[in-house]
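Scroll down for the structure; my scribbles are underneath it.
Derivation of every value follows stated rules applied to the coordinates shown; laboratory data play no part. From a predicted model like this one, the values you see are computed outputs, not experimental measurements. In this analysis, Cβ positions are derived from the backbone assuming ideal geometry, glycine residues included, and neighbour counts consider all displayed protein chains.
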Amino acid sequence: MLEAYVPFIGLIIFGNIENLILASQGVVQGVNPKILGGLSIIVVILWLVIGTVATEVAIQYSNYITFIGGLAIVILGIQAIHGAVKNINANKKGGA
């Protein structure tokens, strides 16, 4: 049964990293952590259901899906770093 998910291991790892990046963006923006945590759990459950149901169909596209997931992680990471640096610079200017 788990053999069907082997091509998606990279995407599972990327998904966890993506979740951490989105959480850090939420912290930088000052989002309520309870709301952010609740939404994160809902999205993880949704992806689990979609992944379980759609694995048979998506298996032929696993390489493309993993690439797109990895690209999304890189873009979100750059966006998160940019927002954090912008926030740090604004706090330095405001506090000085």
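When the chain is modelled as a GNM with alpha-carbon springs shorter than 10 Å, which of Ile75, Ile35, Ile17 fluctuates the most?
Ile35
Taking θ as phi - 60°, what are the ³J(HN,Hα) couplings along the stretch 48-65 by the Karplus curve (6.51, -1.76, 1.60), each to the nearest whole Hz, with x for Gly and Pro?
4, 5, 4, x, 5, 6, 9, 4, 4, 6, 7, 4, 6, 10, 4, 5, 5, 4
Given the rule -39500 (n - 2.57) for each run of at least 4 DSSP H residues, summed and divided by the residues of the chain, what is its mean residue ellipticity at 222 nm, to the nearest 500 deg cm²/dmol? Intermediate values should be presented prior to the final figure.
On the way: 3 runs with 81 residues, N = 96.
That calculation yields -30000 deg cm²/dmol at 222 nm.
Determine, from the Cβ-Cβ distance of Gln60 and Leu39 and an R0 of 41 Å, the FRET efficiency 1/(1 + (r/R0)^6), rounded to the nearest 0.05.
Working: r = 31 Å, r/R0 = 0.76.
The formula returns an efficiency of 0.85 here.
How far apart, in nm, are the 7 Å Cα→Cβ label points at Val53 and Val31?
Using points 7 Å along Cα→Cβ, the separation is 2.4 nm.
Could you tell me which of rounded, prolate or oblate describes the stretch 25-95, using a ≥ b ≥ c as the square roots of the eigenvalues of the alpha-carbon gyration tensor, with rounded for a/c under 1.5 and, failing that, prolate when a/b is larger than b/c and oblate otherwise?
oblate
Report relative contact order for the stretch 3-95 in percent, whole number only (criteria: Cα-Cα under 8 Å, sequence separation at least 6). Display every interim value, and only then the final one.
Values: 39 pairs, mean separation 49.9, N = 93.
Relative contact order for the stretch 3-95 comes out at 54 percent.
Determine which aspartates and glutamates satisfy two conditions relative to Lys34: a Cα distance under 19 Å, and not lying fewer than 8 residues away in the same chain.
Candidates past the 8-residue exclusion: Glu18.
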